[in-house]
Amino acid sequence: MDVNKDDTIEIDLLALARAVWKRIWAVIAAVVIGAGSAFCIAQFLVTPMYEAKAMLYVNNSSISVGNTSFSISSGELTAAQSLVRTYIVILKSRQVLNTIIDQASLPYTYEELEEMVDAEAVDNTEIFEVVITDADPEEAELIANTIANVLPDKIADIVEGSSVRIVDYAVVPAYPVSPSVIKYTLVGFLLGGVLSVGVIILLELINDTIQSEDYLIQTYELPILAAVPSMESRSGRSGHQPASRPAAKGGED
């Protein structure tokens, strides 16, 4: 970093690059430590989560909600998508989830189970997917299938003329969906590299040590009138040796 006479600051990118390269061993050590730490965290400290999925099909030719009746053609995707969204809201209602808790004998409150349940339409079709995220894969499968069995009757009680059929039951997931060990390791690798390079650049920017005559000339544009020579002799000792006192002449007091 150079400070000109008008107090402006110029940053020498080439000098910063040389500073980073000079300490490349520190960057390598940082990325290895970062990647290794992230891998260990993902592998041993983060609780793995599993997803179980059940699929349901919405088939309504004529339905009524309250005093309002309307018809839906199976080819009208917009109406079908709206109906799927309605069923998803019903799925997450307190009445439905409390029934799931009772039938599956789950140790959760309504709020806790709601956090575990998600649902969405499949590729803008009349099929929607119920997704359960749980640390226990068998429990995730149990909850998803209980919802698949209970939800059609609950929807029929609320929406007259509705028809919800089970397309596919959930199975016990074999592999966790999170955490991703590869993503964790990659993030740790990048963080280690970015932080180490950032620290090196910061140290270089705040370093105000005069490195050479060229630094003074380029920074302050002043001529060098004199330089102090090295005080080290070839033997490594100071070049200035104490002078010995001349011996007194014989007979002199």
* Asked: Of these, Ile132, Ile200, which one is in contact (Cβ under 8 Å) with a residue 24 or more places away in the chain, crowded, with 18+ Cβ neighbours inside 10 Å, in the same structural domain as Ile24 (by TED's automatic domain parsing) and out of contact with any Leu (no Cβ under 7 Å at 6 or more places or on another chain)?
  -> Ile200
* To do: Scan the range 164-177 and report the pairs whose first residue is over 10 Å from Glu51 (Cα atoms) and whose second residue is of a type in the set (Gly, Ala, Ser) and loosely packed, with under 14 Cβ neighbours inside 10 Å, with Cβ atoms within less than 9 Å and a gap of 6+ or a chain change.
  => Val164/Ala156
* Does the range 231-248 include one or more residues that are of a type outside the set (Phe, Trp, Tyr) and at pLDDT 65 or above? -> no
* Give the residue, chosen from Ala17, Ala29, that is at pLDDT 95 or above, part of a helix (DSSP H, G or I) and outside the structural domain of Asp136 (by TED's automatic domain parsing). => Ala29
* Failed item, numbered, when Ala52 is tested on (1) more than 31 Å from the chain's Cα centre (by Cα); (2) modelled with pLDDT of 90 or more -> (1)
* Structure fact -> Okay, strands (runs of 3 or more DSSP E) sitting entirely in the range 60-165 with 3 or more residues that are at pLDDT 90 or above, I get 117-121, 127-134
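The values are calculated or read from the model by the stated rules, or taken from the named source; none is laboratory data. Note that this is a predicted model, so its numbers are computed, not measured. Backbone-built Cβ (ideal geometry, glycine too); neighbour counts: all protein chains shown.
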